[in-house]
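Encoded as structure tokens, the structure appears first; notes follow it.
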Amino acid sequence: MDKKGILLVNLGSPRSTAVNDVKEYLDEFLMDERVIDYRWIFRALLVQGIILKTRPAKSAEAYKTVWTDEGSPLIVITEKIQKKLQKLVDVPVEIGMRYAEPSIETGIQKLVDQGISEIVLFPLYPQYAMSTTETVIEKAEEVRKKKFPKVKINYIQPFYNRDIYINCLAESIREKLPEHFDALQFSYHGVPERHIYKTDPTKTCNLNDCCSRDENPSHQFCYRHQCYKTTQLVIEKLNLPKEKTIVSFQSRLGKDKWIEPYTDETLETISKKGVKNLAIVCPAFVSDCLETLEEISVEGKEQFMHGGGESFHYIPCLNDEDRWIEVVKILCEEKLNDFYLV
Ligand SMILES: C=CC1=C(C)c2cc3[nH]c(cc4nc(cc5[nH]c(cc1n2)c(C)c5CCC(=O)O)C(CCC(=O)O)=C4C)c(C)c3C=C
Ligand SMILES: [Fe+2]
Ligand SMILES: [Fe+2]
């Protein structure tokens, strides 16, 4: 029988906080046509001609504030997830990053070196976007066809609305919520509006009321809907009144219109609406990273306090919590079993 293995795929981080390493990482990341989706020549002009001239130095400073002795939080946490999962399953588990090292190719190679020919690949993103799940699958397929044509890969689909995930996220939030808070904010990574229009096969999403409708064929590829759905399901589990919750989108880049409302603008203004004590969680990320530890916990806190806020409580990602590892195990096992059905 063919030997099976698991590859956990996360976004990836620079090799170090040196400006040149950050530049190399941003170059690979932003030249991905599913991240900056302009024609190659315009993408190259924007990324190499403008962004990479100034951003690497600024981002390197930001990375220095979150970097640990073991390395980038995102990589270190993904390794911890791998180690804990490995204790629970009887097939080899490796990790791969969409950008930089250890790459998806390195991860598949490590599995192949152990005699594995059937891989369950888990993109560690709850919600679908062309810059999340889609780019991971595209890259893995490119690598598979070029280097490992005999290997079969079974992909785990976005799990933003799965009961086991929602229960896990809700319990994790419940444990970490402070006793008193005026609102719980769900801040998701943003994407340009154009990405959502582009990936909507039904061309019906208007990025407005339709994202919060219960049934709509566009939802399968609508990142904004999936973020709202995760939020709705979690607040139902937590029994929170909807008025005590806020959804927003963070980490804009460039001049395009990104999905709204924007986290930074929300943080600066909500105290005027009576939110003085805020709890905030970032469910687009399963592991803490630059975007949560710096952009939200540090910059976001400053924005909120500057706007008149009184207390700011950041709720960490699921990281390597045991209940989350259990969910990862169940989702992987479903796909491992799929191989037996084919
Ligand atoms: C969680 C899902 C993510 C989506 C969707 C996403 C889209 C997206 N990101 C950029 C630009 C940048 N993102 C950066 C960091 C970053 N992004 C994600 C996740 C998503 N990105 C993570 C987990 C991280 C942190 C990585 C780490 O090492 O900790 C960065 C780099 C940092 C910086 O310079 O600010 C950029 C740039 C775009 C343009 C985009 C959608 C089109
Ligand atoms: Fe990002
Ligand atoms: Fe939508």
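The values are calculated or read from the model by the stated rules, or taken from the named source; none is laboratory data. Note that this is a predicted model, so its numbers are computed, not measured. Don't worry about glycine lacking a Cβ; one is built from the backbone with ideal geometry, like all the others, and counts go over all protein chains shown.
Scanning segment 88-121 for residues that are at positive phi and more than 24 Å from the chain's Cα centre (by Cα) yields one hit, Gly115.
If you check Thr292, Thr266 for being crowded, with 16+ Cβ neighbours inside 10 Å, at pLDDT 95 or above and within 30 Å of Phe122 (Cα to Cα), only one passes: Thr292.
Quickly run through segment 263-300 and pick out the residues that are in a helix (DSSP H, G or I) and either closer than 23 Å to Ile77 by Cα or among the aliphatic types (A, V, I, L, M) (or both). It would help to see each step written out before you state the result.
Step one: filter segment 263-300 for residues in a helix (DSSP H, G or I), giving 263-273, 290-293, 295-300.
Matches in segment 263-300: Leu267, Ile270, Leu290, Glu291, Thr292, Leu293, Glu295, Ile296, Ser297, Val298, Glu299, Gly300.
For segment 246-282, filtering for residues that are in contact with a Phe, Trp or Tyr (Cβ under 8 Å, 6 or more places away or on another chain) and either within 16 Å of ligand 2 (Cβ to nearest atom) or over 22 Å from Glu294 (Cα atoms) (or both) leaves 9.
Residue-level check: of (1) touching a residue at least 60 places away in the same chain (Cβ under 8 Å); (2) assigned to a loop (DSSP other than H, G, I, E, B); (3) surrounded by fewer than 22 Cβ atoms within 10 Å (Cβ to Cβ); (4) within 16 Å of ligand 1 (Cβ to nearest atom), Gln157 misses just (1). Exactly one residue out of Glu101, Glu79, Glu105, Glu94 is more than 10 Å from ligand 1 (Cβ to nearest atom) and out of contact with any strand residue (DSSP E or B) (no Cβ under 9 Å at 6 or more places or on another chain), and it is Glu101. Considering segment 226-252, and only residues there that are in a loop (DSSP other than H, G, I, E, B) and touching a residue at least 60 places away in the same chain (Cβ under 8 Å), the residue that is surrounded by the most Cβ atoms within 10 Å (Cβ to Cβ) turns out to be Ser251.
Consider segment 17-50 and keep the residues that are farther than 20 Å from Thr132 by Cβ and in contact (Cβ under 8 Å) with a residue 40 or more places away in the chain. The one that is nearest to ligand 2 (Cβ to nearest atom) is Val22.
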